[in-house]
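**Student:** The structure that follows is given in the form of structure tokens.
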Amino acid sequence: MMVKKYIVFLLLSISVLIFLGCDSPWSDNAGSKASDIETSPARELLRQSHEFFRRGRFSEALQLVDTARERDPDLPDVYYIRGLILDKMKRNEEARESFQKVLSLQSEYPGAHFQLGNLMFRAEEFRRAVNHYQGALDYYSSEIDLYSKPDIYLNLGLTYSKLGVSDSVRWAYQEAVVADSSFAPAYILIGQEYRKDAEYQKALTYTRKALELEPENISYKSILGSVLFQMGELERALAYLEEVISERPWEYKAHFQLGRTLIGLGHTERGQRHLSRADTLRTIQSQIIQLQYNAMQNPDSLMLWVELGESFYRIGHLEQARDVLEVALSLEPNNPALQNNLASLLAETGDMPGAISRYQDILAQDSTISDVWFNLGSAYAHQGEIDSARDAWIHLHGLTQTHLPEEAFLDSLMDEI
């Protein structure tokens, strides 16, 4: 499918953490009594804010939450949801203040402790992160469907790992398994601990268990390939590593491991190509980390976020590019070029309904942008909605200076899809 992109585009921050995500869970009740929010005059505003948040329209979501705060300034959930939005917008200090405000109103609010733990972790304030994760455990309630107890133990273990407290690391991961024996991330991290100690057979056992639980998880396949390589099982490692590269061409470690595996199997020329690619990607990653740092230090700089997202896009990391573009768009929510780029990224990552919704939003503001009509038609056609695609392209025909009759014009576009 041809989808045109005309943008001020946004490149890749390889996250150190696989499991400690920045995508915060949302709930209208993350710790307050259900009756509090059900009777709050802010309830409907929070619901509307959630819808904007879900669609990646963070500035609109924030405006609604701020209005909700005026309506009910003592409701902890308002500040919790505000913190989630600010966290998505990478406005970390403001997010921290919002979560701390939650705790000033209700100290036993588990969601705020969990999110503050995540923020403290990213700020490398590891001991404070431990305190907040412990608070999330102390006040945890299974009735609050935000995150699971294993999530907390997992992040606690990752934090202990940063502090170098190895016994506590394994304790936390094992507690995650006790809480939920089907929790794959705990198995993969236990395996990684054994791998550090060169206990490869145990590492293999736990890594395989994780992959059995999540057989499509490409990160687990990458780890399994590396463990097999270290055990000398090169042929078996090769299959996993090649699959990883096909899905994640930006992963320099996978290229490096694949290169070594191929050389070990006697395919020296192919192996050297992957080692060379790994060197290139490692350099790009260093540049991206610097770009990411600059953007985080200047969260109101549109061009820094655009440059970062463009870097992710160039190496094929479309999901990261999309997330960064959402941050950029929160700074200029009515920028049609950024909106078109985000819609095109949604289409490339398979979210056609999201892309169509974005294209429609752009055209509601300005129905004369021919590129957007083309992209909208392409998205409809990709979904098999041919009548809708033709309707979009009929609008495009009216905007395009062409001598082709309408039907011939439509047929030519269908040939491009």
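**Student:** Report yes if some residue within segment 317-332 is part of a loop (DSSP other than H, G, I, E, B) and at pLDDT 85 or above; otherwise report no.
**Tutor:** yes
**Student:** Among (1) more than 28 Å from V165 (Cβ to Cβ); (2) in a helix (DSSP H, G or I), which single condition is P73 missing?
**Tutor:** The single condition P73 does not satisfy is (2).
**Student:** Separate question: Quick one: K90 ticks every box in (1) within 21 Å of A42 (Cβ to Cβ); (2) surrounded by 17 or more Cβ atoms within 10 Å (Cβ to Cβ); (3) charged (D, E, K, R) bar one, so which box is it?
**Tutor:** In the conditions (1) within 21 Å of A42 (Cβ to Cβ); (2) surrounded by 17 or more Cβ atoms within 10 Å (Cβ to Cβ); (3) charged (D, E, K, R), K90 misses (1) alone.
**Student:** How about segment 227-267: which of its residues are among the charged types (D, E, K, R), assigned to a loop (DSSP other than H, G, I, E, B) and surrounded by fewer than 19 Cβ atoms within 10 Å (Cβ to Cβ)?
**Tutor:** Hits for segment 227-267 are E233, R248.
**Student:** Within segment 99-169, which helices (runs of 4 or more DSSP H) (wholly inside it) include 3 or more residues that are within 21 Å of the chain's Cα centre (by Cα) and buried (at least 22 other Cβ atoms within 10 Å of the Cβ)?
**Tutor:** 110-122, 149-163
**Student:** Quick one: would you say E310 is of a type in the set (D, E), in a helix (DSSP H, G or I) and modelled with pLDDT of 95 or more?
**Tutor:** No; evaluated as a whole, the condition is false for this residue.
**Student:** Which of (1) closer than 30 Å to Q106 by Cα; (2) in a loop (DSSP other than H, G, I, E, B); (3) among the acidic types (D, E) is the odd one out, the single condition E216 does not satisfy?
**Tutor:** Evaluating E216 over (1) closer than 30 Å to Q106 by Cα; (2) in a loop (DSSP other than H, G, I, E, B); (3) among the acidic types (D, E) leaves (1) as the failure.
**Student:** Among the residues that make up segment 270-282, is at least one of them among the small types (G, A, S) and closer than 29 Å to L396 by Cβ?
**Tutor:** no
**Student:** Continuing with the same structure: Just to check your reading of the model, which residue among I263, I289 is β-branched (V, I, T) and closer than 24 Å to G232 by Cα?
**Tutor:** Result: I263 is the single residue among I263, I289 that is β-branched (V, I, T) and closer than 24 Å to G232 by Cα.
**Student:** Is it fair to say Q100 is modelled with pLDDT of 95 or more and farther than 25 Å from I188 by Cβ?
**Tutor:** In short, yes.
**Student:** Would you say G21 is closer than 30 Å to Y313 by Cα and either at pLDDT 95 or above or aromatic (F, W, Y) (or both)?
**Tutor:** In short, no.
**Student:** Same structure again: Residues to consider are I85, I152; find the one that is aliphatic (A, V, I, L, M) and farther than 27 Å from V178 by Cβ.
**Tutor:** Matching residue, one of I85, I152: I85.
**Student:** Given the criteria more than 26 Å from S166 (Cα to Cα) and of a type outside the set (V, I, T), does A184 qualify?
**Tutor:** Here the answer is no, as A184 does not meet what is asked.
**Student:** Another question about this same structure. Residues that are assigned to a helix (DSSP H, G or I), β-branched (V, I, T) and modelled with pLDDT under 90: does segment 334-356 have at least one?
**Tutor:** Checking segment 334-356: not a single residue is assigned to a helix (DSSP H, G or I), β-branched (V, I, T) and modelled with pLDDT under 90.
**Student:** Any idea which of (1) among the aromatic types (F, W, Y); (2) closer than 26 Å to V227 by Cβ; (3) touching a Lys or Arg at 6+ places or on another chain (Cβ under 9 Å) is the one Y313 doesn't satisfy?
**Tutor:** Tallying (1) among the aromatic types (F, W, Y); (2) closer than 26 Å to V227 by Cβ; (3) touching a Lys or Arg at 6+ places or on another chain (Cβ under 9 Å), Y313 fails exactly one: (2).
**Student:** When the residues of segment 35-65 are filtered to those that are over 18 Å from R358 (Cβ atoms) and of a type in the set (D, E), which remaining residue is modelled with the lowest pLDDT?
**Tutor:** Per the stated criteria, the residue is D36.
**Student:** How about segment 376-400: which of its residues are surrounded by fewer than 18 Cβ atoms within 10 Å (Cβ to Cβ), at pLDDT below 85 and of a type in the set (A, V, I, L, M)?
**Tutor:** Selection gives I394, L399.
The values are calculated or read from the model by the stated rules, or taken from the named source; none is laboratory data. If you're wondering where the values come from, they're calculated on a predicted model, not measured in any experiment. Glycine also receives a Cβ, built like all others from the backbone with ideal geometry; neighbour counts cover every protein chain displayed.
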